[in-house]
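So the structure is just underneath, and the comments pick up after that.
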Amino acid sequence: MRAETRRLLLAAGAALLLAGGAAAQTFPGRGGMPLVPMQPRPQALPHLLAPDSVTARPGEATQSEGGPVAVAPLGDPGRPAGASAIFGASLFTREAAAVSDAPNPNYVIVPNDRVSVRIWGAVEAEALGVVDPAGMLFLPNIGPIRVAGTRAGDLQRVVEAEVKRIYTDQVQVYATLLSTQRIGVFVTGFVRTPGRFAGSAGDSVLDFLVRAGGVDPSRGSYRDITVQRGGRTVASVDLYHFLLEGRLPPLRLQEGDTVVVGRQRAVVGADGAVRNNYLFEVPGRAMTGRELVEYARPLPAATNAIVRGTRAGQPFSRYVTLPELAALSLADQDSVTFITDTPSRTVRVTVEGSRIGPSVLVADRDARLCDVLDHIAVDPQLADTASVFLLRPSVAAQQRRAIDEALDRLERQLFMAVSPTTGVAAIRASEAQLVSSYIQRARRTQPEGRLVVMDGEGRCLPVRLEDGDVIVIPERVQTVLVAGEVVAPRAVVWQPGMRIEDFVRAAGGFTPRGAAGAMMIRRASGELVLDPAQSPRPGDELIALPRLDPKTFQIGSDLLGLIYQVAVATRIFL
């Protein structure tokens, strides 16, 4: 039975290595290049950048470098894919403010506005009047005063100057604008609720559009808005000038004016690596790519664009660079996706463990681990430089897939087995409950993605670094961790000449499921040793694997292999 268990352990270990759990054996040696000591060289290699130059790549949160941008489908099939909102629609998301008689200090007085003036001191007078069509306000004993064209905030100063021109001493003046001229303006065209709306003569076109519910985003134009008076057009409004530059035409609305919102023009969408992910209305029948770039404002990382649309009733798609896009003519319902399509020239790696200096380094894409290690300063008395290893996200993903596949196979074998008798069926049902509990726990484990990069003699292997790698430099320890099927798992102080049985004895001996032939040594570098003749070294982990009797578990070999795989990939022994 012990020989059979040993064979199963070796087979499971080989399968795990092939699955990517510890692929150190796939890299050739460097011919004896020693790693100790890892002191920084006087001059940095050309392909290494300063640690303080580490920055997040622009557009990194938007998309992965070199990959396409995922475009979410929209519910409206008539809209370009990607962008979902019309540029400018946010102007009309608030409710219209109630019309108030209280004037704004910047309001310019016009005829028919009501003004109150009080004078006291040597002369007392009070006047409540309306500005006449000539723009004058008449005050008794003083005469007419021109107030039309005066800001509401300047009314006090203008009236006081005219009064003191007549009464020079001991006269106080208080002037205020009581109410502004009320007007009614028609708002029609492609708005949500066309009709006649009351307001002040000082209100802008935008105020009346808000009262009408705003431009209908699916039918109306934000760029073709006209103001008609007496049957002729007196002003044209392009809301893009207001949105981008804060400009509205200097127009004072009058009683009976009509604001007409025109039909929506062509629309071009922009999405991906842009700051403004919107649908932009084309000012004419066509928009140039240069105009779209000015509106969408691509991120600095954007290098290319995918243009999708329809030409002559046929699907149209083109992949262009940004300079090529600038000269391209865009049509109605085109969608432009800005992407980053240049591979990163550098990789960013993190340094953990016993180190001196920066924790982040940036190197060229072809940088090798051995070259980078020469630029990491350590204390040779504290750092275990012969046990350096990598934590690689891609290896962790491979380990996760391998474990999931093994769990799926185990579940199929567990629940699809045929039982010849009722007694065997009862035994397998009980067995299935135990194994299912283990499978659920195993699915929750997270592989660490450890990659062995040092050979048995502590020499670095020429591994090319990947973006996101973590270089771990363990600290020197004088203990060996004994875990698994032992009575008292613990850390045992290493002493020269100690063998496996000495460490097991120090941990209280084997449990009923432990056996001397099912021992595994895991070096600090991640290397696995299954030879019982090998002795643990300081910093190693000594794991006693469980001994499964095939008479007890019909799937004992598969379960044992899975336990081994999970323990190696996650450093957790379930």
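Quick note: the coordinates plus some simple rules give every number you see, no bench work behind them. Every value quoted in this text rests on a predicted model; they were computed, and no experiment measured them. Here the Cβ positions follow ideal geometry from the backbone for every residue, glycine too, while neighbour counts run over all protein chains shown.
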### Separation of the Asp154 and Leu248 label points, Cα + 7 Å toward Cβ, nm
2.1 nm
#### Entry: Whole-Hz couplings from phi, Karplus 6.51/-1.76/1.60, listed for segment 511-521; x for Gly and Pro
7, x, 8, x, 8, 5, x, 10, 10, 9, 10
#### Entry: Geometric extent, Cα atoms of segment 114-179 - Rg, Dmax (angstrom)
10.9, 33
### Message
Can you work out the Karplus-derived ³J(HN,Hα) for every residue in segment 267-281? Use 6.51 cos²θ - 1.76 cosθ + 1.60 with θ = phi - 60°, whole Hz, and x for glycine or proline.
### Response
10, 10, x, 10, 8, x, 7, 10, 7, 10, 8, 9, 9, 9, 7
### Message
I'd like the Karplus ³J(HN,Hα) series for segment 385-390: coefficients 6.51, -1.76, 1.60, θ = phi - 60°, whole numbers in Hz, and an x wherever there's a Gly or Pro.
### Response
5, 8, 10, 4, 9, 10
### Query
Measuring from a point 7 Å past the Cα of Val234 along Cα-to-C-beta, which residues in segment 136-156 have an amide N at less than 14 Å?
none
#### Entry: Long-range amide H partners of Met287 with built H, under 5 Å
Leu330
### Message
Give me, ordered by chain and number, the residues 5 or more places off Asp113 or on other chains with an amide H under 5 Å from its own placed amide H.
### Response
Val131
### Task
Using a 10 Å cut-off on Cβ atoms, rank the peptides 207-213, 432-438, 228-234 from the highest mean neighbour count down.
207-213, 432-438, 228-234
### Query
Amide H to amide H under 5 Å from Val452: which residues, 5+ apart in sequence or cross-chain, H placed 1.01 Å off N in plane?
Ala23, Ala24
### Task
Indicate the gyration tensor shape class of segment 242-349 (rounded, prolate or oblate), computed on the Cα atoms with a ≥ b ≥ c the square roots of the eigenvalues: a/c under 1.5 is rounded; otherwise a/b larger than b/c is prolate and the rest oblate.
oblate
### Task
Determine the distance separating the Cα centre of segment 111-143 from the Cα centre of segment 470-548; give it in Å without decimals.
102 Å
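I'd like the trypsin sites (Lys or Arg not before Pro) in segment 283-329 restricted to DSSP loop residues with at most 12 other Cβ atoms within 10 Å, sorted by number.
Working: sites: Arg285, Arg290, Arg308, Arg311, Arg318; in loops: Arg285.
Of the trypsin sites (Lys or Arg not before Pro), the ones in loops of segment 283-329 whose Cβ has at most 12 other Cβ atoms within 10 Å are Arg285.
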### Query
Say a paramagnetic label sat at a point 7 Å from the Cα of Asn112, along Cα to Cβ; which residues of segment 173-209 have their backbone N under 11 Å from it?
181-185, 199-201
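Of all alpha-carbon pairs in segment 168-208, indicate the percentage at a distance above 14 angstrom. List each step's numbers first, then the result.
On the way: 493 of 820 pairs.
Summing the P(r) tail past 14 Å for segment 168-208 gives 60 percent.
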### Task
Would you please give the FRET efficiency between Glu95 and Ser329, computed as 1/(1 + (r/R0)^6) with r the Cβ-Cβ distance and R0 = 41 Å, to the nearest 0.05?
0.55
### Query
Each label point is 7 Å from the Cα along the Cα-to-Cβ direction; what then is the distance between the points at Glu291 and Arg182, in nm?
4.3 nm
#### Entry: Label-point gap, in nm, between Met498 and Ala377 - each point 7 angstrom along Cα→Cβ
3.5 nm
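Can you tell me which of 246-258, 110-122, 402-414 comes out highest on packing, and rank the rest after it, using the mean Cβ neighbours within 10 Å? Can you show the working numbers first?
Working: 246-258: 14.3, 110-122: 17.5, 402-414: 15.8.
Packing proxy ranking, top to bottom: 110-122, 402-414, 246-258.
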